[in-house]
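Let me begin by presenting the structure, written as structure tokens, before commenting on it.
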Amino acid sequence: MALEQDGHSSYAKLKTSLHAFPLSLEQRCVVMKNLIDKLQKQRILSKEEFILLLGNINDNASEYLFGIARATARKYFGNRIYVRGLIEFTNYCRNDCYYCGIRRSNHKTERYRLSQEDILACCSQGYRLGFRTFVLQGGEDPKYTDDDICSIVSAIKKNYPDCAVTLSIGEKSYDSYLKYREAGADRYLLRHETASPQHYARLHPSGLSAVERQQCLYNLKKIGYQVGAGFMVGSPFQTMEDIAEDLLFLKRLEPHMIGIGPFIPHKDTPFADFPAGSLELTLVLIGVLRLMFPNALIPSTTALGTIHPKGRELGILAGANVVMPNLSPVNVREKYMLYDNKICTGEEAAECKMCLQNRISRIGYQIVVDRGDFCPVEINA
């Protein structure tokens with residue numbers, strides 16, 4: 001069953017075929033494979049086609065998608081998997097997002113902050129282990145002023161000039177982002193969480209805005225950062241329409257990095273009793289994103305490893321090409337719990353990196369020790 005060029009007309013015909021007339025599993029798989037082929041060729045589908053694909057994909061079509069996604073990733077990256085050393089330097093946060101374990105009103109969380117000396121010690125250990133990107137991640141903690149962040153970034157760049165510094169510290173003003181960039185920050189990660197303003201409002205208290213968060217991402221791109229966006233899969237109240245909107249937003253943004261992971265509830269949040277997001281749908285979306293953004297840096301997240309023992313390996317086999325071992329001091333890792341049952345909270349950094357290296361080598365990939373910058377290349381249709 002060939003797809004027409006017009007997304008809406010092809011969607012209408014496919015919807016009729018799928019729902020008005022009974023199709024065999026084989027016929028349904030053909031429809032899904034045609035959509036995957038179209039995505040590989042055009043790097044985009046219509047909103048309706050995304051909904052159709054995500055809502056109907058089966059195991060056979062998923063494996064077809066993963067095979068193409070792996071081949072695409074290997075075309076641009078070979079079998080290389082980039083590592084980033086994650087330093088979770090504060091779990092204080094001024095926000096009260098309903099899904100997050102370090103939300104402001106969670107008084108059961110034991111709070112901590114790392115000093116600049118603590119952070120530099122993490123970098124020193126990471127550098128000895130071969131890390132050449134350090135990711136400074138934390139809640140939106142007003143204790144750290146712009147001058148503090150700039151001082152930390154400048155010190156890292158002075159001590160390790162061959163390394164990249166990535167910040168993941170939330171929504172800031174344009175001027176603040178500019179100061180961090182001038183201090184030497186190379187990249188900035190800011191998941192947009194959900195592109196739908198209506199869905200965003202159900203995940204956050206009033207005062208937080210999807211539009212403002214998305215504007216932050218455009219500001220970061222304008223300033224010259226390598227920018228990462230992304231969303232949760234299976235968050236409360238999420239629909240396939242919401243996910244399709246996420247994919248279309250990412251296409252408009254054209255980020256350099258895209259981080260997605262399954263929603264995992266935290267016991268001390270308003271969403272404690274909601275089910276976790278789907279491993280299968282998360283993997284499908286990694287494959288979809290690889291076809292949309294062939295040369296993007298896409299992590300196989302800790303959340304994937306949390307919901308499945310081999311989740312990070314499965315993410316790589318679906319098209320991901322980045323992993324982020326934890327360099328934070330072991331004595332604070334259990335305090336940075338965005339969700340329940342987070343893995344790797346008790347391992348030393350060297351142990352964590354060696355474990356990942358062995359696991360990744362068993363599926364035919366290798367960890368590489370360089371900065372792993374985004375490289376713009378001409379994408380052939």
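The values are calculated or read from the model by the stated rules, or taken from the named source; none is laboratory data. Since the structure is predicted, the reported quantities are computational estimates derived from the model, not experimental observations. In this analysis, Cβ positions are derived from the backbone assuming ideal geometry, glycine residues included, and neighbour counts consider all displayed protein chains.
Values as computed for the structure displayed
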item: Some residue of region 83-98 being outside any loop (DSSP other than H, G, I, E, B), aromatic (Phe, Trp, Tyr) and outside the structural domain of Ile156 (by TED's automatic domain parsing); result: no
item: Inter-residue pairs, beta-carbon under 7 Å, first over 14 Å from Glu254 (Cβ atoms) and in region 276-301, second aromatic (Phe, Trp, Tyr), 6+ apart; result: Ala276/Phe263; Gly277/Phe263; Gly287/Phe66
item: Condition broken by Glu347, with the remaining ones in (1) within 28 Å of Cys122 (Cβ to Cβ); (2) in the same structural domain as Arg103 (by TED's automatic domain parsing); (3) within 20 Å of the chain's Cα centre (by Cα) satisfied; result: (3)
item: Pairs with Cβ under 8 Å, 6+ apart, first in region 139-157 and crowded, with 18+ Cβ neighbours inside 10 Å, second part of a helix (DSSP H, G or I) and charged (D, E, K, R); result: Ile149/Lys179; Cys150/Lys179; Cys150/Glu182
item: Members of region 57-81 that are under 13 Å from Ala320 (Cβ atoms), of a type in the set (Val, Ile, Thr) and either at pLDDT below 95 or not in a helix (DSSP H, G or I) (or both); result: Ile81
item: Test: residue in region 120-136 that is of a type outside the set (A, V, I, L, M), surrounded by 20 or more Cβ atoms within 10 Å (Cβ to Cβ), touching a helix residue (DSSP H, G or I) at 6+ places or on another chain (Cβ under 6 Å) and within 30 Å of His266 (Cα to Cα); result: yes
item: Selection within region 323-370 - at pLDDT 85 or above, of a type in the set (A, V, I, L, M) and over 25 Å from Arg104 (Cα atoms); result: Val323, Met324, Met354, Leu356, Ile360, Ile363, Ile367, Val368
item: Helices (runs of 4 or more DSSP H) (entirely within region 191-286) containing at least 2 residues that are in contact with a Ser or Thr (Cβ under 8 Å, 6 or more places away or on another chain) and within 18 Å of Lys47 (Cβ to Cβ); result: 197-203, 240-253
item: The lone exception for Ile379 - which of (1) at pLDDT below 90; (2) of a type outside the set (S, T, N, Q); (3) closer than 19 Å to Arg70 by Cβ; (4) in the same structural domain as Leu297 (by TED's automatic domain parsing) it fails; result: (4)
item: Residue within region 363-374 that is touching a His at 6+ places or on another chain (Cβ under 6 Å) and farther than 29 Å from Glu241 by Cβ present; result: yes
item: Tally of residues being within 26 Å of Lys108 (Cβ to Cβ) and either buried (at least 23 other Cβ atoms within 10 Å of the Cβ) or in contact (Cβ under 8 Å) with a residue 12 or more places away in the chain (or both) across region 239-272; result: 11
item: Filter result for Thr194 (among the polar types (S, T, N, Q), surrounded by fewer than 20 Cβ atoms within 10 Å (Cβ to Cβ) and over 25 Å from Phe134 (Cβ atoms)); result: no
item: Selection status of Tyr188, buried (at least 18 other Cβ atoms within 10 Å of the Cβ), more than 29 Å from Ala244 (Cα to Cα) and among the aromatic types (Phe, Trp, Tyr); result: no
item: Residue in region 309-329 that is charged (D, E, K, R) and farther than 25 Å from Met240 by Cα present; result: yes
